[in-house]
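The values are calculated or read from the model by the stated rules, or taken from the named source; none is laboratory data. Computed from a predicted model, the values in this text were never measured in an experiment. Using ideal geometry, Cβ is built from the backbone for each residue, glycine included, and neighbour counts are taken over all protein chains shown. The accessibility values were calculated without ligands, DNA or RNA, using every heavy atom of the protein model including side chains. Shrake-Rupley method; radii C 1.70, N 1.55, O 1.52, S 1.80 Å.
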Amino acid sequence: MTDDLLRRLEAMGVLDPLDRQLAIRALGRCDVVPDQKPVWAIGIALVMAAIRDGHSCLEIGPDFPRTPDALVADRDASPDGEPLPGWPDPATWPDTLARCPLVRVVPGDGPSDRRLLVLDRRFRSPRLYLERYWDAEQRLVAQVRQRLSLEDGSEGAVSRPDLRPTASELPDLRRDIEWLVPLDDPRHEAGVRDQRLALVQSLRHPFLVLTGGPGTGKTTSIAAWIALWLRQAQRRGLSGDPPLRVALLAPTGKAAARIVASIQEGIDRMRRRIDAGQSSEADWGRVIDWVPREAATVHRALGYHPDSGSYRHGPDHPLPADLAVVDETSMLDGMLALRLLQALPDHCRVFWVGDRDQLASVQAGAVLGGLCRAGRSLRMGFSPAMASLVQEVLGPGVPRADSGLPVPGPLTDAVAVLLHSFRTAEDSSLAAQIRAIQELDDFPGATDLLARCRRIVEGWPSERPGEAVSGPAPGIRVLAGEDVPLPDRDGSRPHAGLPAFRPETLDWMVQRWKATLDPAVQQVKRSRTREEYQQAVRAALEALKGFAVLCTHRQGPRGAEACTEAIRRLWGGSGAGEGRRFFVGQPLMVLANDYFLNLFNGDTGIVLPAFGDDPEDLVACFGQVEAPGFRIVPPSRIVESATAFAVTVHKAQGSEFGEVLVVTPREEDSFLTRELIYTAITRARHRAWIAGPRNVVADALARRTRRDSGLVDAFWPEG
């Protein structure tokens, strides 16, 4: 009976064939078949499926499906038409699993009693883990707690420079912070205050997490944090040039390139203040010279060897770093986050930066979400000690320091939050619309939440595609024709029977892409000298950042692959519609790591004519992280690539564009979540269009991505 259930769940796509086979093989070690111990078999199979879906564990709590049919409905799978056999009451599962010889129970069994699985019963909802993932999560929690408690010069950290600020240094640090984050515009007073507050929080904790939406000044805070601690090292007379080793890291090459460009902008602003005589008495010019202009991906910094799957840096061979900044940490999975923290020296100050509302990592774990109370409000106070420090450095009137008792937990003072958008007044409508989505965590009730989501989406204006080409007002707009009213009470679907895309929508996509790329391509073709050609290639790569079509799905009639193919058929000229693999003006995305060419999965470039007289000679041009400029490679040498007129939201994470078009399915889909829609919209700096029914988008905003793990309970035990 149980094996039949597992087979049918496999056929429906709820389980992978490997999930069932591993459950059977594991039970075979106990001389047990699935029908003898159904909870053991189903639990093992489901925990394997949970990890594949991005969870760290299988949570067996009040929301656990009480029947197999409920599980199928939760996974949005396709029933086979026949009733599924039932399974035991989930309330009995923890006790039943605890009797399995493959399961170690916590608390209870000793740490040396290693098993295939771990049942963690310390919290309200029991959680079933594979031993490897439970162990990694516990090590990650221990790493963060250890770094929160470490003090400069503490025992076991002999090489750690003692940078703890003394009471006599606080006035100097106040001046440093005010210079690094100046108030140039009274309209941004709240944002400047939050950035300064983050720097003050770093004075107390060597491990700091900063979360904020687009345009809230996360990268400005990164540059200021690095400069603040370099200045403190200079003040203490530390030797070296620079006196502290700084590691600037990001999960992907695109994210690393973005952080380098943004930090350079911050450095340029600091230099302008120095040139204007605003440098105070500190030697800021020298400090700024020490701020790094290069970043690396986390894998590259750790010395990942793809052939062996090993890493050069780890606990026994740490990275040479005294300060470590990790940007876009929402993309870090649990295993990689652990490897990184283990590879950083004990004395290293760590600054994790990201947006907790973005998509979580593709692999198992949602580390940033766990650290930042994912799904819960971030309106919280400080401990009395932190509130006192804030008042001493920044003075009175800081709302968070005056808001009373904090949410209990070890990270209370170590999570910094940026809420204010520094985007220009022209873009304020987009910032306000994004903020409305972020504030949905303040609506815990399902009914109130859905009503709020529908009001938000109904408030986005409609716009005809032809009007959009001329340049509409900034903000979020819904393309007319792709926009379908919310369904009537009778449940009718007015969008049923429509083609994948309306012709005017496809034509608008083509024209929007041509307006973005054609000027740059023509500039390349007109180049007569090598210098002109190089400038034109840089302009073409910059043009790629102007527009993007982001699809919530890769496959399907409105997925990225179908959308790209439809645009390509209408593109015309330069061989685009002639079945050629490469053509002039083709946006290109790399689909597999190529260490020889220094190209990595997700890198985007453009196909252009080579410098010279042969119009048939094509090259693929990509930006690079390590230094200003670009790389040119023959496109045929790229092992795996695809035309990128449209890409998935997941592939676009870590990127930023002037404008984006977000394409959703026409039907309700449980794959669509608030994080997915939010991540898509926040790839835009100025405006975003939605091609999809309003009810589909509203329902997605009401649906949070669920990533089961023990991180929230570990760091925020009281909620």
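General observations
- Long-range neighbours under 6 Å by Cβ, at least six apart or interchain, first residue at positive phi within region 76-104, second open to solvent by 30 Å² or more (accessible area, probe 1.4 Å) and in a loop (DSSP other than H, G, I, E, B): ASP76/SER670
- Condition met for LEU405 (modelled with pLDDT under 85 and open to solvent by 30 Å² or more (accessible area, probe 1.4 Å)): yes
- Qualifying residue in region 164-185 (condition: of a type in the set (Gly, Ala, Ser), in contact with an Asp or Glu (Cβ under 9 Å, 6 or more places away or on another chain) and part of a helix (DSSP H, G or I)): yes
- Candidates in region 193-214 are the residues that are open to solvent by 20 Å² or more (accessible area, probe 1.4 Å) and assigned to a loop (DSSP other than H, G, I, E, B); of these, the one that is modelled with the lowest pLDDT is PRO214.
- Boolean, ALA548 is hydrophobic (A, V, I, L, M, F, W, C), touching a strand residue (DSSP E or B) at 6+ places or on another chain (Cβ under 6 Å) and open to solvent by less than 10 Å² (accessible area, probe 1.4 Å): yes
- Checked against (1) modelled with pLDDT of 90 or more; (2) touching a strand residue (DSSP E or B) at 6+ places or on another chain (Cβ under 8 Å), SER125 meets all criteria but (1).
- Filtered by the rule that a residue be open to solvent by 10 Å² or more (accessible area, probe 1.4 Å), modelled with pLDDT of 80 or more and within 22 Å of GLU137 (Cβ to Cβ), region 370-383 gives a lone residue, ARG373.
- Residue selected from region 276-310 under the condition over 16 Å from VAL246 (Cα atoms) and modelled with pLDDT of 90 or more, by the criterion surrounded by the fewest Cβ atoms within 10 Å (Cβ to Cβ): GLY303
- Here GLN363 clears all of (1) open to solvent by less than 20 Å² (accessible area, probe 1.4 Å); (2) outside any helix (DSSP H, G or I); (3) more than 23 Å from HIS420 (Cα to Cα) except the condition numbered (1).
- Filtering region 370-414 to residues that are over 28 Å from ALA702 (Cβ atoms), small (Gly, Ala, Ser) and under 26 Å from the mean Cα position of the chain (by Cα) leaves GLY381, ALA414.
- Checked against (1) free of Cβ contacts under 8 Å to residues at least 60 places away in the same chain; (2) polar (S, T, N, Q); (3) part of a helix (DSSP H, G or I), GLN342 passes all but a single condition, namely (1).
- Qualifying positions in region 631-672 - assigned to a loop (DSSP other than H, G, I, E, B), modelled with pLDDT of 90 or more and small (Gly, Ala, Ser): ALA644
For every residue, the table says whether it meets (1) on the phi > 0 side of the Ramachandran plot; (2) at pLDDT below 85.
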| position | (1), (2) |
| --- | --- |
| LEU449 | no, no |
| ARG452 | no, no |
| VAL478 | no, no |
| GLY491 | yes, yes |
| LEU498 | no, yes |
| TRP513 | no, no |
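- Counted as qualifying within region 673-718 are the helices (runs of 4 or more DSSP H) with 1 or more residues that are modelled with pLDDT under 90, namely 711-715.
- Verdict on LEU244 being farther than 30 Å from GLU439 by Cβ, assigned to a loop (DSSP other than H, G, I, E, B), open to solvent by less than 10 Å² (accessible area, probe 1.4 Å) and not small (Gly, Ala, Ser): yes
- Residue count for region 105-121 satisfying the condition of being touching a residue at least 40 places away in the same chain (Cβ under 8 Å) and under 26 Å from PRO717 (Cβ atoms): 2.
- LEU46 being surrounded by 21 or more Cβ atoms within 10 Å (Cβ to Cβ), at pLDDT below 90 and of a type outside the set (Lys, Arg): no
- Residues in region 676-686 that are surrounded by fewer than 24 Cβ atoms within 10 Å (Cβ to Cβ), under 13 Å from GLN433 (Cβ atoms) and touching a strand residue (DSSP E or B) at 6+ places or on another chain (Cβ under 7 Å): ILE681, HIS686.
- Where helices (runs of 4 or more DSSP H) fall wholly inside region 1-62, the ranges with 3 or more residues that are out of contact with any Pro (no Cβ under 8 Å at 6 or more places or on another chain) and aliphatic (A, V, I, L, M) are 17-28, 38-52.
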